[in-house]
Structures are given as structure tokens and as C-alpha cells.
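The values are calculated or read from the model by the stated rules, or taken from the named source; none is laboratory data. Because the structure is a prediction, the values reported are computed rather than measured. Cβ coordinates were reconstructed from backbone atoms using ideal geometry, including for glycine residues, and neighbour counts include every protein chain displayed.
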Amino acid sequence: MVSVATLLVCALGAPGLLAAPLVMLAGFSRGNRAIVALGALSLVSYLIFFYYNLDLTLLKKSLSLMTSGVALLVAWAALGWLAAGDKGRRA
């Protein structure tokens, strides 16, 4: 639920960030790898298009990429920590 809310907040100015994962989800639910690949390709191409059309200086673009990278690393570490804590509760 938190990941969906985060995606919605991040995608307010970028509608392609919602459309591509929905295509990927539809392909995954139908078991069609071609649709999942099409969704992944559209997500990557949208991110490239969005990045190059930003009306920002190169410094601001690099800071935004660095910030998103740090956020992804923190999310990865938090999920690993939660998964490790969940294993201890199951045992």
C-alpha cells in the first residue's frame, strides 16, 4: 500500500509513470511476457524522454537522480530489514 501511494505521489507530474507499470501488471496477471516487456520498454523510454525534456540545469538533474538513487537504496535496506524481522517472527 505504501509503494502504491509513493508511486502516485511521484507520478503527479509524469503520467507515463503510472501507465507503464499498469501495462506491466496487466501482462504479469495474464502471464504474457511480451506485454510485460512492452511495459518495461515503455517505462524506460518514458523516463528517458521525461529526463531530457526537464527544463532544469544539469546540476539539478544530477541531484534529482542522486536523490532518487539514495531513496531507492533506503527503500531496499528497509525492505531487507523488514523481511529479516518477519523471518524471526515466523520461527
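If you go through region 1-22 one residue at a time, do you hit one that is at pLDDT 80 or above and of a type in the set (Val, Ile, Thr)?
no
Contact list please: Cβ distance under 7 Å, first residue in region 33-58 and over 15 Å from Leu18 (Cβ atoms), second residue in a helix (DSSP H, G or I) and modelled with pLDDT under 85, pairs at least six apart or on different chains.
Correct list of pairs: Tyr51/Lys61; Leu54/Lys61.
Would you confirm, using the coordinates I've provided, whether Asn53 is modelled with pLDDT of 80 or more and exposed (fewer than 10 other Cβ atoms within 10 Å of the Cβ)?
Against the criterion (modelled with pLDDT of 80 or more and exposed (fewer than 10 other Cβ atoms within 10 Å of the Cβ)), Asn53 qualifies.
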